[in-house]
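The values are calculated or read from the model by the stated rules, or taken from the named source; none is laboratory data. None of these values were measured; they are calculated from a predicted model. When we count neighbours, we look across all protein chains shown, and the Cβ atoms used for this are built from the backbone with ideal geometry, even at glycine.
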Amino acid sequence: MNCSHNLYIHVPFCMSKCNYCAFFSRACSNPDWQKYANDICDELNFWSEKLGKINIPTIFFGGGTPSLMPVEFFEQIMNCINERFNVLPDCEITLESNPGTIDKNKLIDFVSNGVNRLSVGVQSLKDEELVFLGRRHNVVQALNLLDSAKEINLRISADFIYGLPNHNVESVINLCNQINKLGLKHVSMYELTIEENTLFGKMNLKMPDNDTMAEMYNAIGEKLNLPRYEVSNYALENEHCKHNVSIWNGDAYVGIGHGGAGRVCLNGIWYEQKGNHELFEKMSDETRATEKILTGLRTMRGVKLTQDVKNMINFAWVNTHKDLVEIDGEYLHTTANGLLILDDLTLDLIK
Ligand code: SF4
């Protein structure tokens with residue numbers, strides 16, 4: 001019997017393309033959903049034949065904009081998953097959503113088909129910033145969606161973007177104070193990064209400098225009334241996203257949908273799943289351990305020091321950089337200073 005795998009299901013469609021977005025998604029408000037759902041079910045069949053009736057601890061519908069999907073097609077996909085796999089009774093089933101694409105009735109229909117966690121792309125609490133970002137919704141629509149989700153007792157996460165060209169520490173503190181008033185239990189705070197091949201990439205925007213970005217990041221850690229548990233994620237202890245935590249810990253997952261990527265464990269051997277579901281490549285123990293370090297160090301708990309991980313760590317460097325990393329029991333984690341230079345730090349830390 002193969003080990004349990006988390007499922008990530010990609011829904012690549014959006015109402016329109018946001019100005020900063022480099023995700024795999026395309027503007028198409030009325031795609032051929034029947035074809036999409038059939039293709040997803042074909043991929044699920046492929047994996048059920050490969051892996052058998054494995055346990056599924058989490059399912060994450062990410063995008064794109066999964067909340068655009070008519071519920072009948074979501075139901076088809078969930079039926080397919082339930083027939084072919086053993087969806088655990090406490091399986092976390094997250095739906096990413098954008099305000100303006102889903103109302104309370106549609107949300108209730110998603111819930112009756114298994115969704116128990118809603119991630120909402122709020123992004124800003126100022127209408128003019130939402131226009132600047134190229135979002136299709138306004139603040140009232142976002143707050144209404146959060147209220148609807150609260151009324152039906154869904155676990156909720158809200159995404160925000162900071163570090164816009166006009167942002168400074170004060171504006172980010174104001175944002176945190178406003179977020180605190182919303183009573184959320186899980187918040188993701190993403191720094192605006194300018195990617196090539198986006199509208200922002202062509203605009204020559206004057207962004208806050210690195211020092212200001214770092215000050216804003218530290219201010220978020222101080223002012224948000226939720227503890228940081230990963231570089232960009234803040235939540236109460238029992239509200240962490242189980243799906244992401246599992247992947248950061250190095251557990252197995254299968255990516256379904258165009259561009260799906262995953263880490264698959266077949267008969268005890270690990271494979272990297274790339275792009276097409278039929279393409280996967282054996283991973284060496286060193287590559288697996290390196291990945292665990294890269295994702296584990298993004299979490300505040302840190303990376304677990306299992307033997308394979310220890311083999312890849314330069315402990316001489318760790319012992320001389322206690323201002324940047326710390327060993328705490330069986331975990332290695334970054335300090336507050338280390339977190340600010342995470343990418344550089346991992347280059348030195350990994351052998
Ligand atoms: S809604 Fe999300 S995935 Fe879609 S274009 Fe905007 S940022 Fe990209």
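From the list Glu75, Glu83, the one residue that fits, being free of Cβ contacts under 8 Å to residues at least 12 places away in the same chain and touching a helix residue (DSSP H, G or I) at 6+ places or on another chain (Cβ under 9 Å), is Glu83.
Yes/no per residue for (1) part of a loop (DSSP other than H, G, I, E, B); (2) within 26 Å of Gly63 (Cα to Cα):
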{"site": "Met216", "(1), (2)": "no, no"}
{"site": "Leu226", "(1), (2)": "yes, yes"}
{"site": "Val245", "(1), (2)": "no, yes"}
{"site": "Glu272", "(1), (2)": "no, yes"}
{"site": "Thr287", "(1), (2)": "no, no"}
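Among the residues of the stretch 106-146, just one is closer than 14 Å to Phe61 by Cα and among the charged types (D, E, K, R), namely Arg117.
A single entry from Ser119, Ser124, Ser67 fulfils the requirement of being within 16 Å of the ligand (Cβ to nearest atom), farther than 18 Å from Phe23 by Cα and among the small types (Gly, Ala, Ser): Ser124. If you go through the stretch 137-153 and keep only what is surrounded by fewer than 19 Cβ atoms within 10 Å (Cβ to Cβ) and either outside any helix (DSSP H, G or I) or among the charged types (D, E, K, R) (or both), you end up with Asn138, Asp147, Lys150, Glu151, Ile152, Asn153. A count restricted to the stretch 13-47 and to residues that are closer than 18 Å to Cys80 by Cβ and within 16 Å of the ligand (Cβ to nearest atom) stands at 1. Applying the set (1) part of a helix (DSSP H, G or I); (2) within 21 Å of Asn153 (Cα to Cα); (3) not small (Gly, Ala, Ser) to Cys80 leaves exactly one unmet item: (2). If you go through the stretch 183-201 and keep only what is modelled with pLDDT of 95 or more and either among the small types (Gly, Ala, Ser) or over 21 Å from the mean Cα position of the chain (by Cα) (or both), you end up with Gly183, Ser188, Leu199, Phe200, Gly201.
Inclusion of Leu305 among residues that are closer than 28 Å to Ser188 by Cβ, touching a helix residue (DSSP H, G or I) at 6+ places or on another chain (Cβ under 9 Å) and of a type outside the set (S, T, N, Q) is not warranted. Among the residues of the stretch 151-177, those identified as within 23 Å of the chain's Cα centre (by Cα) and within 17 Å of Lys126 (Cβ to Cβ) are Ala158, Asp159, Phe160, Ile161, Tyr162, Gly163, Leu164, Val172, Leu175, Cys176. Criterion applied to Ala252, Ala261, Ala235 was being in contact with a strand residue (DSSP E or B) (Cβ under 6 Å, 6 or more places away or on another chain) and modelled with pLDDT under 95, and the one residue passing it is Ala261. Taking the criterion of being within 18 Å of the chain's Cα centre (by Cα) and of a type in the set (Ser, Thr, Tyr), the residues of the stretch 60-118 that qualify are Thr65, Ser67, Thr94, Ser97. For Ile54, the test of being within 16 Å of the ligand (Cβ to nearest atom), more than 16 Å from the chain's Cα centre (by Cα) and touching a residue at least 24 places away in the same chain (Cβ under 8 Å) is failed. Of the residues Thr94, Thr101, the single one that is within 16 Å of the ligand (Cβ to nearest atom), of a type in the set (S, T, N, Q), modelled with pLDDT of 95 or more and in a loop (DSSP other than H, G, I, E, B) is Thr101.
Scanning the stretch 206-221 finds no residues that are in the same structural domain as Gly121 (by TED's automatic domain parsing), touching a residue at least 60 places away in the same chain (Cβ under 8 Å) and within 14 Å of the ligand (Cβ to nearest atom). Please determine whether any residue of the stretch 110-117 is out of contact with any helix residue (DSSP H, G or I) (no Cβ under 9 Å at 6 or more places or on another chain) and part of a loop (DSSP other than H, G, I, E, B). The answer is yes, given that some residue of the stretch 110-117 is out of contact with any helix residue (DSSP H, G or I) (no Cβ under 9 Å at 6 or more places or on another chain) and part of a loop (DSSP other than H, G, I, E, B). With respect to the conditions (1) assigned to a helix (DSSP H, G or I); (2) outside the structural domain of Trp47 (by TED's automatic domain parsing), Arg263 lacks only one, and its number is (1). Of the set (1) buried (at least 16 other Cβ atoms within 10 Å of the Cβ); (2) among the aliphatic types (A, V, I, L, M); (3) more than 18 Å from the chain's Cα centre (by Cα), all apply to Ile247 but (3).
Among residues belonging to the stretch 1-12 that are at pLDDT 95 or above and either touching a helix residue (DSSP H, G or I) at 6+ places or on another chain (Cβ under 7 Å) or more than 23 Å from Gly100 (Cα to Cα) (or both), point out the one that is nearest to the ligand (Cβ to nearest atom). Only one residue fits best here, namely Val11.
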